[in-house]
Amino acid sequence: MKVLANDGISKSGIVALEKAGFEVITTTVAQEQLINYINDNQISVLLVRSATTVRKDLIDACSSIKIIGRGGVGMDNIDVEYAREKGISVINTPAASSHSVAELVFAHFYGLARFLHNSNREMPLEGDTKFKALKKAYGKGVELKGKTLGVLGFGRIGQATAKVALGAGMKVIAFDPFMEKANLELEFFDGQKVNFEINTISKEEVLKQADFITLHVPAQKEYVIGAPEFELMKDGVFLANAARGGVVDEVALVKAIESGKVAGAALDVFEKEPTPEIQLLMNASLSLTPHTGAATNEAQDRIGTELAEQISSILG
Ligand SMILES: NC(=O)c1ccc[n+]([C@@H]2O[C@H](COP(=O)([O-])OP(=O)(O)OC[C@H]3O[C@@H](n4cnc5c(N)ncnc54)[C@H](O)[C@@H]3O)[C@@H](O)[C@H]2O)c1
């Protein structure tokens, strides 16, 4: 049977699929030629990421398709319900990138806590002429150990972030309207395990108590963090949004930075993607990444192998 990985797939995914007896095609077929290509080649499994769209017309036109797979989480580019009604299995890999996103949040937090985002900009320009001034400017760093991390949204990524925080010696508090508690298992290099049960508390309490706040909620109609929420936070708080653009009010964030309420913030996602506001891009208190939370080799490998496992068990 043939698998078309139209937006690419990791080497480990190809290996696992070939081992299970599938032929894997990694050609990127243009959207308008996709229906013909699938029919000409009798493709059984269509794998996509976010670039290729799989709408009703394609589903109706391509009777050879048995599985549609999305490497990653969001399935906005697939008519999922329609495909399922037609008896097609639709699969994704929601957990594969959780730890990668969690580590990116901590890369930002450690960077912000020691001004790395600024230091890396200034050292190439003035590191030889103003070394002492820069040393003074970046001399009041903070440690994360002993501080409180507030997690808003305690699902897969929120819990992965909490585990990293626990490993770093932080206290963890969390808010999630749909979860009372979570059991976190931390596994160490030598097989030792430690279990933590964390009971969620109110959003207000999280905002009041946390030194570092990180958002891991799905897309929402309203801001999760806006001006009233910033009011509740500690002075000098750090914030990270690696969830979705639009869950943090960016205008209120810039105001909260200017007032000193927020000491620094990390943004991996933006209200306007792929053209974030210039006021954000130029803000020295922001540590910025271009939506790369899930972009690690390990996450891509897990996506590939998880898809291969699911495909084999459905068609095997
Ligand atoms: N930066 C990246 O590259 C990247 C990569 C993957 C996922 N994401 C995003 O991360 C977010 C979380 O993903 P996940 O896999 O952990 O999802 P998840 O569904 O496992 O967890 C989301 C949690 O948020 C909770 N929640 C819903 N509304 C809430 C609210 N108003 N306040 C607090 N909690 C609320 C839900 O109950 C759920 O437990 C999603 O928005 C996803 O799009 C970003």
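The values are calculated or read from the model by the stated rules, or taken from the named source; none is laboratory data. This structure is a prediction, so every number in the text was calculated from the model and none was measured. Using ideal geometry, Cβ is built from the backbone for each residue, glycine included, and neighbour counts are taken over all protein chains shown. Only protein heavy atoms, including side chains, enter the accessible area calculation; ligands, DNA and RNA are left aside. Shrake-Rupley method; radii C 1.70, N 1.55, O 1.52, S 1.80 Å.
Values as computed for the structure displayed
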{"read-out": "PHE238 away from the ligand (no atom under 16 Å from the Cβ) and buried (at least 22 other Cβ atoms within 10 Å of the Cβ)", "value": "yes"}
{"read-out": "Any hit, segment 75-84, residues being touching a residue at least 24 places away in the same chain (Cβ under 8 Å), more than 16 Å from the ligand (Cβ to nearest atom) and buried (at least 16 other Cβ atoms within 10 Å of the Cβ)", "value": "yes"}
{"read-out": "Residue in segment 100-111 that is within 12 Å of the ligand (Cβ to nearest atom), under 30 Å from VAL45 (Cα atoms) and touching a residue at least 40 places away in the same chain (Cβ under 8 Å) present", "value": "yes"}
{"read-out": "Among residues of segment 253-271, those that are within 16 Å of the ligand (Cβ to nearest atom), over 30 Å from SER10 (Cβ atoms) and open to solvent by less than 40 Å² (accessible area, probe 1.4 Å), counted", "value": "1"}
{"read-out": "Complete set of residues in segment 272-295 that are within 16 Å of the ligand (Cβ to nearest atom) and either in contact with a strand residue (DSSP E or B) (Cβ under 8 Å, 6 or more places away or on another chain) or not in a loop (DSSP other than H, G, I, E, B) (or both)", "value": "PRO276, LEU280, LEU286, SER287, LEU288, THR289"}
{"read-out": "Candidate set from segment 18-75 (those that are among the charged types (D, E, K, R) and in contact with an Asp or Glu (Cβ under 6 Å, 6 or more places away or on another chain)); member that is nearest to GLY293 (Cα to Cα)", "value": "ARG49"}
{"read-out": "The lone exception for VAL54 - which of (1) within 16 Å of the ligand (Cβ to nearest atom); (2) surrounded by 15 or more Cβ atoms within 10 Å (Cβ to Cβ) it fails", "value": "(1)"}
{"read-out": "Residue within segment 144-159 that is away from the ligand (no atom under 16 Å from the Cβ), surrounded by fewer than 16 Cβ atoms within 10 Å (Cβ to Cβ) and within 18 Å of ALA210 (Cα to Cα) present", "value": "yes"}
{"read-out": "Condition broken by TYR138, with the remaining ones in (1) within 11 Å of the ligand (Cβ to nearest atom); (2) touching a Ser or Thr at 6+ places or on another chain (Cβ under 6 Å); (3) under 20 Å from LEU288 (Cα atoms) satisfied", "value": "(1)"}
{"read-out": "Residues of segment 289-314 that turn out to be open to solvent by less than 40 Å² (accessible area, probe 1.4 Å), over 24 Å from GLY245 (Cα atoms) and not hydroxyl-bearing (Ser, Thr, Tyr), as a count", "value": "4"}
{"read-out": "Odd one out for LYS181, checked against (1) in contact with a Leu (Cβ under 9 Å, 6 or more places away or on another chain); (2) more than 9 Å from the ligand (Cβ to nearest atom)", "value": "(1)"}
{"read-out": "Segment 57-74, residues that are surrounded by fewer than 13 Cβ atoms within 10 Å (Cβ to Cβ) and among the hydroxyl-bearing types (Ser, Thr, Tyr)", "value": "SER63"}
{"read-out": "Number of the exception - TYR138 against (1) farther than 17 Å from ALA265 by Cβ; (2) under 26 Å from the mean Cα position of the chain (by Cα)", "value": "(2)"}
{"read-out": "Options GLY245, GLY316: the member that is over 30 Å from ALA137 (Cβ atoms), in contact (Cβ under 8 Å) with a residue 12 or more places away in the chain and within 11 Å of the ligand (Cβ to nearest atom)", "value": "GLY245"}
